[in-house]
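Peer 1: Sharing a structure here in structure tokens format.
The values are calculated or read from the model by the stated rules, or taken from the named source; none is laboratory data. From a predicted model like this one, the values you see are computed outputs, not experimental measurements. Neighbour counts run over all protein chains shown; Cβ positions are idealised from the backbone, glycine included. Heavy atoms of the whole protein, side chains included, go into the accessibility calculation; ligands, DNA and RNA do not. Shrake-Rupley method; radii C 1.70, N 1.55, O 1.52, S 1.80 Å.
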Amino acid sequence: MSRRLPVIGILGGGQLARMLALAAAPLGVRCSVVDGSADACAGQLAPLRVADWRDLASLEQFAAAVDVVTFDFENVPAATAEWLRQRVPVYPSPEALAVAQDRISEKMLFCSIGLDTPDFAAVSTRAELDAAVARIGAPAILKTRRLGYDGKGQFRLRGAADVDAAWQALGAQATPHGLVLEAFVPFTRELSVLAVRGRDGEFRTWPLTQNWHHQGILALSHAPAEVAPELAALAVQTARALAEKLDYVGVFALELFEHQGRLLGNEMAPRVHNSGHWTIEGAVASQFENHVRAVLGLPLGATTLRAPSLMFNWIGALPEPVAAALSLDDVHWHDYGKEAWADRKVGHATLACADGERLLARAQSLAQALGRETQLAPALPALRASAVSGG
Ligand code: AMP
């Protein structure tokens, strides 16, 4: 009898599914992917079923062919996830997915575990927007409660005079799901906690990551972030409380703002996350490997740092010349095999170096080789600080 390898079914066939498939292979685990698009990039590495989330006949066949289901995309309808759970284990749970799909329920969850958030108000009419701006003040950000990602579905209000424009931009999405107005936080920095929880409740986190966004899209991630030990401990404790409250299984990211020495919860991603891509080369076990282990009920791998790391995200198109990047030591190149188009995540590069001083030098060489000095610039103070502290 031939040996049957475990199969993880992944809803969504983007780069996250692709990197999950790459991490699963050495463990003798196969992945199988469902996506609405025939050229979903995970399909280059794993069998791809092209189907809509509501195509239950196709999902029935999919469920019958996999051992467990997980997600590369958090906006899979919670009803689809629940339907699948009647047939096959689904991790993270449809409940965890549902909470993270709605910015208001996510914020209520944060508050319930003692994590403050930026001041916010639910908005579903123009009058409620006026009232929310009057109470919260400006600057503020109006966001769709659901389906927003990478800064999409957001409008920044500089003052009360922008209310008309904000309503024009997002008012049509106020029903049925609603909007949320958030105070704009002039944060010191953005951090994320990458965490994993196994089926048996074992919980681990990777070293804290500092992130820089450009126009709402992640541009750079640096780990380990230089953070006061009390703040780092608080971030981990908060992520643990969140995971336990949701009885979470798998990897998730908790995005935080550091502001006036406090941590504020921005959002959680119930899946492997862009700010954890550095763990592929920078940590003993990557977020992808540990997600595979967690959803299959295998022991978790070590989340300890292997090397201080910096990840550059490539948005829209890969920078050129690629050969210049490949010729530099410590550069790990990831091309997702996608067509280039505006605002699309098409690849990333991670520098994983022996120490902070070398990381700073290599980051400058890579940015220069690819004409990406402007992308790197916001991270230079943090990289210099780590170089000095020996991080
Ligand atoms: P989000 O999709 O909510 O994570 O927003 C994308 C990015 O926009 C965040 O990572 C921040 O850089 C910025 N942002 C979102 N909400 C706020 C806020 N309330 N105050 C300041 N910046 C924000």
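Peer 1: Students often get this wrong, so check it: of LYS107/LYS245; LYS152/LYS245; LYS107/LYS152; LYS143/LYS338; LYS152/LYS338, which have C-alpha atoms separated by over 23 Å?
Peer 2: LYS152/LYS245; LYS143/LYS338
Peer 1: Sticking with this structure for a sec: Report for the chain the percent antiparallel among DSSP-assigned beta bridges with both residues inside it, nearest 5.
Peer 2: 80 percent
Peer 1: Can you work out the PRE-style zone for ASP200? Point 7 Å along Cα to Cβ, and I want the residues of the range 302-326 with backbone N under 19 Å.
Peer 2: 302-304
Peer 1: Explain nothing, just compute: Karplus ³J(HN,Hα) = 6.51 cos²θ - 1.76 cosθ + 1.60, θ = phi - 60°, for every residue of the range 13-28 in order, whole Hz, x for Gly and Pro.
Peer 2: x, x, 5, 5, 5, 4, 6, 5, 5, 5, 6, 6, 3, x, 8, x
Peer 1: Tell me which residues come under 5 Å, amide H to amide H, from ARG199 once H is placed; ignore anything under 5 positions away on its chain.
Peer 2: Those lying under 5 Å, H to H, from ARG199 are GLY297.
Peer 1: Taking only C-alpha pairs under 8 Å that are 6+ residues apart, what is the relative contact order of the chain in percent?
Peer 2: Worked out over the chain, it gives 13 percent.
Peer 1: If you don't mind, there's one more thing I want to ask. May I ask for the net charge around PRO308, where only other residues with Cβ less than 12 Å from the Cβ of PRO308 are counted and Lys, Arg are +1 while Asp, Glu are -1? Write down the numbers at each step before the final one.
Peer 2: On the way: positive: ARG306, ARG358, ARG362; negative: GLU226, GLU281, ASP330, ASP355, GLU357.
Neighbourhood net charge equals -2.
Peer 1: Also, I was wondering about something else. Write down the Kirkwood hydrodynamic radius of the range 189-389, to one decimal in angstroms, obtained as one divided by the mean of 1/r over all alpha carbon pairs.
Peer 2: About 17.1 Å for the range 189-389.
Peer 1: Could you tell me which trypsin sites (Lys or Arg not before Pro) in the range 11-82 are loop residues by DSSP with no more than 15 other beta carbons within 10 angstrom of their beta carbon? Walk me through the intermediate numbers first.
Peer 2: Details: sites: ARG18, ARG30, ARG49, ARG54; in loops: ARG54.
Passing both the DSSP loop test and the Cβ count: ARG54.
Peer 1: Per residue of the range 237-250, in order, report the coupling 6.51 cos²θ - 1.76 cosθ + 1.60 (Karplus, θ = phi - 60°) as ³J(HN,Hα) in whole Hz, putting x for Gly and Pro.
Peer 2: Each residue's phi maps through the Karplus curve to give 4, 5, 4, 5, 4, 4, 4, 6, 4, 8, 6, 6, 10, x Hz.
Peer 1: Same structure, new question: Can you give the accessible area per residue of the range 7-90, in Å², using a 1.4 Å probe?
Peer 2: 40 Å²
Peer 1: Let me ask you something else. With every protein chain left in place, what is the accessible area per residue of the range 108-205 in square angstrom, probe 1.4 Å?
Peer 2: Accessible area per residue, the range 108-205: 48 Å².
Peer 1: Tell me the net charge near ARG30. Cut-off is 15 Å between Cβ atoms, ARG30 excluded, with +1 for each Lys or Arg and -1 for each Asp or Glu.
Peer 2: That sum, taken over residues with Cβ under 15 Å, equals +3.
Peer 1: So who's got an amide H within less than 5 Å of the one on CYS31, skipping anything under 5 residues away but keeping other chains? H placed 1.01 Å off N, in plane.
Peer 2: Counting only residues 5 or more places away or on other chains, the set is ILE8.
Peer 1: For every helix of n ≥ 4 consecutive DSSP H residues, a contribution of -39,500 (n - 2.57) applies; sum these over the chain, divide by its total residues, and give [θ] at 222 nm rounded to the nearest 500 deg cm²/dmol.
Peer 2: After summing the helix terms and dividing by residue count, I get -9500 deg cm²/dmol.
Peer 1: Where does the charge balance sit around ALA127 when Lys and Arg score +1, Asp and Glu -1, over other residues with C-beta under 14 Å from its C-beta?
Peer 2: -1
Peer 1: Which FRET efficiency value, to the nearest 0.05, do you get for ARG4 and LEU326 by plugging their Cβ-Cβ distance into 1/(1 + (r/R0)^6) with R0 = 41 Å?
Peer 2: With a Förster radius of 41 Å, E is 0.60.
Peer 1: Separate question: For the peptides 103-110, 298-305, what is the packing order when you average, over each peptide's residues, the other Cβ atoms within 10 Å and list the highest mean first?
Peer 2: Result, highest mean first: 103-110, 298-305.
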